[in-house]
Amino acid sequence: HNSRSKPCSCPSLKLREVASMYFTMVAAFLVILVVALQGSVPRESDFPYKVPLDPQGLLELSWNVSYPEQAVHFQLLIRDLQFGLLFGMSDRGEFENADLAVLWSDGHNSYFGDAWSDAKGQLHMDSQQDYQLLGARRAPEGLYLLFRRAFSTCDPKDYLIEDGTVHLIYGILEKPVRSLQAINISALHGGLQRVQLLKPNISIPQLPSDMKTMEITAPDVVIPSQETTYWCYMAELPEGFPKHHIIMYEPVVTAGNEALVHHMEVFQCAAEFDSFPHYNGPCDSKMKPERLNYCRHVLAAWAMGAQAFYYPEEAGLAFGGPGSSRYLRLEIHYHNPLVFKGRRDSSGIRLYYTATLRPYDAGIMELGLVYTPVMAIPPGEDNFILTGYCTDKCTQLALPAAGIRIFASQLHTHLAGRKVVTVLSRDGRERQVVNADRHYSPHFQEIRMLKEVVAVFPGDELITTCTYNTEDRSRATVGGFGILEEMCVNYVHYYPQTQLELCKSAVDPGYLHRYFNLVNRFNDEEICMCPQVSVPQQFYSIPWNTFNRDVLKSLYGFAPISVHCNKSSAVRFPGEWEKQPLPSITERLREPVPRCPAAPGAQPAAPVPLELGQLRR
């Protein structure tokens, strides 16, 4: 081997050395920057929102939202750092087509970078580094990683952070990796957590001096050793408890159980029963008294990652006094995927209330679709849309001249729901979005305070649209109460309270009957049309070819509707509510155009080296 006859193929050696020195200097500067940042410890109050990412609570995410900067600042506490981790966002919590911040180590050096995964789950360094590392510091409890991300980056590989639910994903690296590309997503220990990242920037109302608190909590329950439990516990207000206003509430979660308590609700029971039996046990138990099903009026609802809920200064939620039941039902959803045994829990909700009544009682109104099988979704659909209407005729009749103010909203579907949007329309023109969740999950339903109060006047229309996915189903999904049936509801919280409790619609049954007739003629009389066959049975017997799907979609898009414009007592307001024309919309709201940060914001595509010392072998 003649080492002298090496071909001189590298005339640019000098340039390379210079480039190498430059990058070494940049890397050294970044390491200095990271070390320097370790000194400035962010205060707890800098990151007001907090959620455990994994069921053991080893990863804890805190964040804050800056609307002026249009950015989220994250602080991730890694209690037990091995060889790094992935953190990111994806449409529904998948690890494919995800937008990721990755910390990894080759056993000697550590790196941080913005990456994305393709449809096969392969990782790639992003050409535009939009997760910006702000610092890393070690503390007795673990490693803190601080980074920032703009809501919108205009990078096609990045997730657009918007209002509503965000599916966060995480994965723990248990072995050193040579490079980012060498990370095998399918072998990771990982999972997902849902949060509302963009919390509304509301000012906290003044609280009265005579405010009292009441805790509705589980009485030292042993959490069952199974993945999912709904626990029911009955509580009661003191005898002769007069009318009060609830003005805020917050969660009370037993220390150590933060990752197990998934969501909680307090319901008030129906006033027509004098008493309700005591009960403390699973909600689906055979031992649960039937009467507990009459405790459905929501007083408070909390889901993981939510903070305290405040009523606007001029309104409160009435409870107590004549015509109001003394009995309350607490429902807690425990999510225990690691099947811990013997964990004890006394979580619940703390109500803050006042005897000094505010000017207005708050009310809750149901918008969307009536619970009826006439609204159905064919099987194998990836985004099938159903729409429920609260019509101008109903609001004209039922709302006061000065209108109502909607300040919060809770969206609800069953398992096939993927998106829910409610829009306010006036004179045929869409005016504003009341609440929208484009990454909606039926596993994460919380009452959300709105960024801005929405005023609704007589003659306005409230249109609620739900998008469903039934790709995993082989027969039609009909509307109804069962978990495999569907709903499309927006519970809006508003003031002043009116008699209108429910403003919803469904397709006219006569037109649906014509649809079945038509399908029958085209499909050789396969559907039994005898009057005794139920609507669900008729839907189940339809052969779902393109024609039958498209005609059903068209039917829902033009057929008249049956409107439910109901008072509290499930009685309709007087008027003609059948075969009503669909509201016509002449002007739609424009989709908001994402704001892109100025070009210099993003870093070039190179990972940032971190000085974290030797990671554990």
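The values are calculated or read from the model by the stated rules, or taken from the named source; none is laboratory data. Since the model is a prediction, treat every value here as computed from it, not as a measurement. Positions of Cβ are generated from backbone atoms using ideal geometry, with glycine treated the same way; all protein chains shown enter the neighbour counts. Heavy atoms of the whole protein, side chains included, go into the accessibility calculation; ligands, DNA and RNA do not. Shrake-Rupley method; radii C 1.70, N 1.55, O 1.52, S 1.80 Å.
Which of the residues that make up the range 542-586 are of a type in the set (S, T, N, Q), out of contact with any strand residue (DSSP E or B) (no Cβ under 8 Å at 6 or more places or on another chain), in contact (Cβ under 8 Å) with a residue 24 or more places away in the chain and surrounded by fewer than 14 Cβ atoms within 10 Å (Cβ to Cβ)?
Narrowing the range 542-586 to residues of a type in the set (S, T, N, Q): 545-546, 548, 554, 562, 566, 568-569, 580, 584, 586.
Then keep just the ones that are out of contact with any strand residue (DSSP E or B) (no Cβ under 8 Å at 6 or more places or on another chain); that gives 545-546, 548, 554, 569, 584.
After this cut, where a residue has to be in contact (Cβ under 8 Å) with a residue 24 or more places away in the chain as well, the list is 548, 584.
Once the filter is applied, which keeps residues that are of a type in the set (S, T, N, Q), out of contact with any strand residue (DSSP E or B) (no Cβ under 8 Å at 6 or more places or on another chain), in contact (Cβ under 8 Å) with a residue 24 or more places away in the chain and surrounded by fewer than 14 Cβ atoms within 10 Å (Cβ to Cβ), the range 542-586 yields only SER584.
I want to confirm something. Restricting to the range 133-185 and keeping residues that are part of a loop (DSSP other than H, G, I, E, B) and of a type in the set (Gly, Ala, Ser), which single residue is most open to solvent (accessible area, probe 1.4 Å)? Show your work before the answer.
Quick first cut of the range 133-185, residues part of a loop (DSSP other than H, G, I, E, B) only: 140-141, 151-164, 173-179, 183-184.
With the extra rule that they be of a type in the set (Gly, Ala, Ser), the set shrinks to 152, 164, 179.
Details: SER152: 13, GLY164: 5, SER179: 39 Å².
Among those that are part of a loop (DSSP other than H, G, I, E, B) and of a type in the set (Gly, Ala, Ser), it is SER179.
Suppose we keep only residues that are part of a loop (DSSP other than H, G, I, E, B) and modelled with pLDDT of 95 or more within the range 97-117. Which one would you say is least open to solvent (accessible area, probe 1.4 Å)? Show your work before the answer.
Taking the range 97-117 and keeping what is part of a loop (DSSP other than H, G, I, E, B), we get 97-98, 106-109.
After this cut, where a residue has to be modelled with pLDDT of 95 or more as well, the list is 97-98.
Numbers: ASN97: 103, ALA98: 3 Å².
Per the criteria, the residue is ALA98.
Please work out if ASN257 is within 23 Å of GLN226 (Cα to Cα), touching a strand residue (DSSP E or B) at 6+ places or on another chain (Cβ under 6 Å) and open to solvent by 40 Å² or more (accessible area, probe 1.4 Å). Before you say what the answer is, go through the steps one by one.
Values: within 23 Å of GLN226 (Cα to Cα): yes; touching a strand residue (DSSP E or B) at 6+ places or on another chain (Cβ under 6 Å): yes; open to solvent by 40 Å² or more (accessible area, probe 1.4 Å): no.
When the stated conditions are applied, ASN257 does not pass them.
Look through TYR327, TYR360 and report the one residue that is open to solvent by less than 60 Å² (accessible area, probe 1.4 Å), touching a Phe, Trp or Tyr at 6+ places or on another chain (Cβ under 9 Å) and touching a residue at least 60 places away in the same chain (Cβ under 8 Å).
Values: TYR360 fails: open to solvent by less than 60 Å² (accessible area, probe 1.4 Å).
Step by step, each of TYR327, TYR360 is checked, and only TYR327 is open to solvent by less than 60 Å² (accessible area, probe 1.4 Å), touching a Phe, Trp or Tyr at 6+ places or on another chain (Cβ under 9 Å) and touching a residue at least 60 places away in the same chain (Cβ under 8 Å).
May I ask you to list the residues in the range 421-435 that are touching a residue at least 40 places away in the same chain (Cβ under 8 Å) and on the phi > 0 side of the Ramachandran plot? Give the derivation first.
Residues of the range 421-435 that are touching a residue at least 40 places away in the same chain (Cβ under 8 Å), as a first pass: 421-423, 425, 428-435.
The one that is touching a residue at least 40 places away in the same chain (Cβ under 8 Å) and on the phi > 0 side of the Ramachandran plot: GLY428.
Looking only at the range 275-300, which residues are in a loop (DSSP other than H, G, I, E, B), under 23 Å from GLU215 (Cα atoms) and over 24 Å from the mean Cα position of the chain (by Cα)?
At the first step, the residues of the range 275-300 found to be in a loop (DSSP other than H, G, I, E, B) are 275-279, 283-289, 295-296.
Narrowing further to those that are under 23 Å from GLU215 (Cα atoms): 275-279, 283, 288, 295-296.
Of everything in the range 275-300, those that are in a loop (DSSP other than H, G, I, E, B), under 23 Å from GLU215 (Cα atoms) and over 24 Å from the mean Cα position of the chain (by Cα) turn out to be SER275, PHE276, PRO277, HIS278, TYR279, LYS288, CYS295.
Check the range 125-132 and report whether any residue there is in the same structural domain as ARG178 (by the TED database), open to solvent by less than 50 Å² (accessible area, probe 1.4 Å) and in contact with a Leu (Cβ under 7 Å, 6 or more places away or on another chain). Working first, answer last.
Keep residues of the range 125-132 that are in the same structural domain as ARG178 (by the TED database), which gives 125-132.
The next check asks that each one be open to solvent by less than 50 Å² (accessible area, probe 1.4 Å); those that pass are 125-126, 129-132.
Add one more test, that the residue is in contact with a Leu (Cβ under 7 Å, 6 or more places away or on another chain), and what stays is 125.
Yes; the residues of the range 125-132 include at least one that is in the same structural domain as ARG178 (by the TED database), open to solvent by less than 50 Å² (accessible area, probe 1.4 Å) and in contact with a Leu (Cβ under 7 Å, 6 or more places away or on another chain).
Go through (1) open to solvent by 30 Å² or more (accessible area, probe 1.4 Å); (2) more than 25 Å from the chain's Cα centre (by Cα); (3) within 30 Å of LEU512 (Cβ to Cβ) one by one and return the number of the condition ILE385 breaks.
With respect to (1) open to solvent by 30 Å² or more (accessible area, probe 1.4 Å); (2) more than 25 Å from the chain's Cα centre (by Cα); (3) within 30 Å of LEU512 (Cβ to Cβ), ILE385 is out only on (2).
Within the range 400-420, identify whether any single residue is outside any helix (DSSP H, G or I), without any contact (Cβ under 8 Å) to a residue 60 or more places away in the chain and open to solvent by less than 30 Å² (accessible area, probe 1.4 Å), and answer yes or no.
Yes, that holds for at least one residue.
Can you name the number of the only condition in (1) assigned by the TED database to the domain that holds TYR352; (2) closer than 30 Å to GLY93 by Cβ that GLU290 fails?
(2)
Can you confirm whether the range 220-230 contains a residue that is among the acidic types (Asp, Glu), closer than 26 Å to SER285 by Cβ and buried (at least 19 other Cβ atoms within 10 Å of the Cβ)?
Just the residues of the range 220-230 that are among the acidic types (Asp, Glu), to begin with: 220, 227.
So of that shortlist, the ones also closer than 26 Å to SER285 by Cβ come out as 220, 227.
Now drop any that are not buried (at least 19 other Cβ atoms within 10 Å of the Cβ), which leaves none.
No: the range 220-230 contains no residue that is among the acidic types (Asp, Glu), closer than 26 Å to SER285 by Cβ and buried (at least 19 other Cβ atoms within 10 Å of the Cβ).
Name the single residue, out of those in the range 218-251 being of a type in the set (D, E, K, R) and in a strand (DSSP E or B), that is farthest from TRP302 (Cα to Cα).
At the first step, the residues of the range 218-251 found to be of a type in the set (D, E, K, R) are 220, 227, 236, 239, 243, 250.
Checking the rest, the ones that are also in a strand (DSSP E or B) come to 236, 250.
Numbers: GLU236: 20, GLU250: 8 Å.
Of everything passing the filter in the range 218-251, GLU236 is farthest from TRP302 (Cα to Cα).
What's the number of the only condition in (1) crowded, with 17+ Cβ neighbours inside 10 Å; (2) over 23 Å from PRO242 (Cβ atoms) that VAL339 fails to meet?
Of (1) crowded, with 17+ Cβ neighbours inside 10 Å; (2) over 23 Å from PRO242 (Cβ atoms), only one is false for VAL339: (1).
With respect to PRO373, determine if the residue is over 26 Å from LEU192 (Cα atoms) and either in the same structural domain as VAL489 (by the TED database) or among the aromatic types (Phe, Trp, Tyr) (or both). Can you show your working first?
Details: over 26 Å from LEU192 (Cα atoms): yes; either in the same structural domain as VAL489 (by the TED database) or among the aromatic types (Phe, Trp, Tyr) (or both): yes.
Spelling it out, PRO373 is indeed over 26 Å from LEU192 (Cα atoms) and either in the same structural domain as VAL489 (by the TED database) or among the aromatic types (Phe, Trp, Tyr) (or both).
Return the only residue of LYS286, LYS243 being at pLDDT 95 or above and open to solvent by 20 Å² or more (accessible area, probe 1.4 Å).
Details: LYS286 fails: at pLDDT 95 or above.
Only one candidate qualifies: LYS243.
For every residue, the table says whether it meets (1) surrounded by 14 or more Cβ atoms within 10 Å (Cβ to Cβ); (2) under 23 Å from LEU338 (Cα atoms); (3) in contact with a strand residue (DSSP E or B) (Cβ under 9 Å, 6 or more places away or on another chain).
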position	(1), (2), (3)
GLU250	yes, no, yes
VAL253	yes, yes, yes
HIS262	yes, yes, yes
GLU265	yes, no, yes
ALA270	yes, no, yes
PRO277	no, no, yes
LEU292	yes, no, yes
